[in-house]
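Following: one structure in structure tokens, then a few remarks.
The values are calculated or read from the model by the stated rules, or taken from the named source; none is laboratory data. This structure is a prediction, so every number in the text was calculated from the model and none was measured. When we count neighbours, we look across all protein chains shown, and the Cβ atoms used for this are built from the backbone with ideal geometry, even at glycine.
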Amino acid sequence: MKRSLFALFAILLLLCSCGNSGKLSTDAKFYGSLGIHNKGENVEITNGGAVVATIEDAKLARAKRSVDGKTAVIAINKSGLEEYERGFDGYSLFYFRNELIHIADGVHDFILSDNGDSVSYTANTDYEAMLRNLANISAGDFDSHETVLADLYVWNSGISTFIDKNSYLPGMEFSPDGKDFYYNPKFDDGENVTFDWYCYNGGEPVLAAKDTNIRWVSNNRELLYISTGEGYFIQKGLDGERIKLPEEINYFDFTFNADNSQLLLTADSGLYISADGSEPKLVSDRFSHFIVPNLKYVWKSDSKPVIDDFRGQYYLSETSIYKINDDFSVSEIVRGINNAFMSGDGETITFIGDDDTLATLHLNDDMQITEIDNDIDFENGRHHIIFSYDRKTIYYTADDNTKLYVLKNGKSKLLDWVIGDDEIDELFIYDNDKLYYTKGDIKTLYRTDGVTIRKIHTFPDNIAVVTTVFGALEVHIYDDYYYSFDGLNFTHYE
């Protein structure tokens, strides 16, 4: 064992106040994400490779899925006209959760709550007024402005409820449980737009926040995360006390737990934590990402895991692993590392040291560190590393991601390599411990069992990302999708 391992990592700070109350946000089942695709003249909804619903004679316009991927709202276009063409009268809106339900016609905009229970949408938009505004602007007439109105609805359990007549593009936000709906009418007289938000919860809408923009909310109307010209704030309750957040943050610095009651802020000055609306507390220097077993979590579209409770969770800073304690303080567990990965069972974290040593941290009372017997040489470049579900096999890249290795029984073997500027990237374990990876500028997907390699598919050069979504392999081609249903074959939807 390289002695420098403990020289670098020997700051193992055993915890006295760090219980293990954190829990997985799912029951560790692999989720199947709904696919929504144009197929010929129809729109198909698929799950696990099977077509579960079809909307005939339609073209997909937009779709939104719930966080767990099991519910979708689909806007389809039957007219063949574009939104800003004369004669366009809106989209037809459908809801799918085990069965297909038609919500409304003439829809312009819509949102879906995180849990998939509730939908809000605008309908009956005055498109003629919209076209007149566009024509006036094109002619250089900025004074002849009309307010474009639409009807605002909330749909739940098969019933649409009219809320208000608003601007056709109101601000809209649901609480994570879908029970509270917040909206900003954005009425204007050609010069002024109001920034007052209201909350609907089954009765008359009530004022929620004045002169602001609501970004996120928690359940039970308890916390509103808002922004104004003076920065970001936590507002307690409807039109309640506001707590100023650090000056240097922006929209992308917020990470929430599942019900938005806990907040991590990654500011320039360090990582802040706020729980239940408390004053944010600086706890460590930086935050890179949570260290979690990927396929046991549902992942949001911003590539963040849905975590019920931050307490008991581990995260990677720039060079350290930290644990969030029961009182939302943090404890540094291991220092002097450059990457870390959690096993599929959540019982160990394997990390790479600054000197390229590989070791495992056992997440038990003793927090023991043991070296993994290996002959890995990361060759001082960028790299990826991933474990099989049973932790017996490690796949990793080295030499600036140009070489792919497999490590088993303490011995590593070169599996694949590329020449030139291409790289091996996007490593995923899927389909009974098979490794999938892509390489090349024109990305090609391969599969290996650690012995043989099989070429699966070559994608167009406009590929956006290959990823695992809800435990399924998904390839995004901008707004289109490829799905791997059986681990070998892809079905292409235009």
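Summary table below
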quantity	calculated
Those residues of segment 160-178 which are part of a loop (DSSP other than H, G, I, E, B) and surrounded by fewer than 20 Cβ atoms within 10 Å (Cβ to Cβ), in sequence order	Leu169, Asp177
Condition broken by Asp57, with the remaining ones in (1) in a loop (DSSP other than H, G, I, E, B); (2) modelled with pLDDT under 85 satisfied	(2)
Residue match in segment 6-17 (condition: of a type outside the set (Phe, Trp, Tyr) and either modelled with pLDDT of 50 or more or under 20 Å from Ile103 (Cβ atoms) (or both))	no
Qualifying residue in segment 251-269 (condition: over 18 Å from Arg215 (Cα atoms) and modelled with pLDDT under 90)	yes
In segment 192-228, residue farthest from Pro176 (Cα to Cα) [restricted to those that are out of contact with any Asp or Glu (no Cβ under 9 Å at 6 or more places or on another chain) and surrounded by fewer than 18 Cβ atoms within 10 Å (Cβ to Cβ)]	Asn192
Condition met for Thr161 (touching a His at 6+ places or on another chain (Cβ under 8 Å), over 24 Å from Ser278 (Cα atoms), among the polar types (S, T, N, Q) and modelled with pLDDT of 90 or more)	no
Residue list for segment 328-362, filter: over 17 Å from Tyr395 (Cα atoms), part of a loop (DSSP other than H, G, I, E, B), within 26 Å of the chain's Cα centre (by Cα) and not polar (S, T, N, Q)	Phe328, Asp345, Gly346, Glu347
Of the criteria (1) among the acidic types (Asp, Glu); (2) touching a residue at least 40 places away in the same chain (Cβ under 8 Å); (3) assigned to a loop (DSSP other than H, G, I, E, B), which one Asp109 fails	(3)
Selection status of Tyr225, over 30 Å from Thr360 (Cα atoms), modelled with pLDDT under 90 and not charged (D, E, K, R)	no
Asp151 being buried (at least 17 other Cβ atoms within 10 Å of the Cβ), of a type in the set (D, E, K, R) and farther than 20 Å from Val217 by Cα	yes
Candidates Thr357, Thr348 - the one that is buried (at least 16 other Cβ atoms within 10 Å of the Cβ), closer than 22 Å to Lys408 by Cα, modelled with pLDDT of 85 or more and out of contact with any Cys (no Cβ under 6 Å at 6 or more places or on another chain)	Thr348
Selected residue [small (Gly, Ala, Ser), closer than 18 Å to Tyr272 by Cβ and in contact (Cβ under 8 Å) with a residue 40 or more places away in the chain] from Ser317, Ser343	Ser317
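Let's see how each residue does on (1) within 17 Å of Lys70 (Cα to Cα); (2) surrounded by fewer than 15 Cβ atoms within 10 Å (Cβ to Cβ):
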position	(1), (2)
Phe94	yes, no
His108	no, no
Leu112	yes, no
Asn115	yes, no
Tyr121	no, no
Arg132	no, no
Ala135	no, yes
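Residue-by-condition table, conditions (1) more than 13 Å from Ala63 (Cβ to Cβ); (2) outside any loop (DSSP other than H, G, I, E, B):
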site: Leu81; (1), (2): yes, no
site: Tyr84; (1), (2): yes, no
site: Tyr95; (1), (2): no, yes
site: His102; (1), (2): yes, yes
site: Asp114; (1), (2): yes, no
